[in-house]
Amino acid sequence: MMNLILWILRIGVFLVLAVFASKNAQSVILHYYLDKSIELPLSVIVLSSFALGVIMTLLLAWRPRSKK
């Protein structure tokens, strides 16, 4: 039962992200250091920034379990 709920949640998140990406398809230019720039869709920039934040949070908050 829990497995079914997880799959329904995953499909729901996927649909929300797909709609978000389709509504934010216009290209933007991302400027970074040394006068470099890249042109990407807005949804790619926002979602990759979110994913990078999640990964950094998980890496910094993770602590190995101590052996007792």
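The values are calculated or read from the model by the stated rules, or taken from the named source; none is laboratory data. Every value quoted in this text rests on a predicted model; they were computed, and no experiment measured them. Don't worry about glycine lacking a Cβ; one is built from the backbone with ideal geometry, like all the others, and counts go over all protein chains shown.
Out of Val54, Val19, Val46, which single residue is in contact with a Phe, Trp or Tyr (Cβ under 9 Å, 6 or more places away or on another chain) and not in a loop (DSSP other than H, G, I, E, B)? Working first, answer last.
Working: Val54 fails: in contact with a Phe, Trp or Tyr (Cβ under 9 Å, 6 or more places away or on another chain); Val19 fails: in contact with a Phe, Trp or Tyr (Cβ under 9 Å, 6 or more places away or on another chain).
Unique residue meeting the criteria: Val46.
State all residues of the stretch 23-39 that are at pLDDT below 90 and either surrounded by 10 or more Cβ atoms within 10 Å (Cβ to Cβ) or among the aromatic types (Phe, Trp, Tyr) (or both); if no residue qualifies, say none.
Of everything in the stretch 23-39, those that are at pLDDT below 90 and either surrounded by 10 or more Cβ atoms within 10 Å (Cβ to Cβ) or among the aromatic types (Phe, Trp, Tyr) (or both) turn out to be Lys23, Asn24, Ala25, Leu30, Tyr32, Tyr33.
Here is a yes/no grid of residues against (1) surrounded by 10 or more Cβ atoms within 10 Å (Cβ to Cβ); (2) among the basic types (Lys, Arg); (3) modelled with pLDDT of 85 or more; (4) out of contact with any Asp or Glu (no Cβ under 8 Å at 6 or more places or on another chain):
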| residue | (1), (2), (3), (4) |
| --- | --- |
| Asn3 | no, no, yes, yes |
| Leu15 | yes, no, yes, yes |
| Ser48 | yes, no, yes, yes |
| Met56 | yes, no, yes, yes |
| Leu60 | no, no, yes, yes |
| Arg63 | no, yes, no, yes |
| Lys67 | no, yes, no, yes |
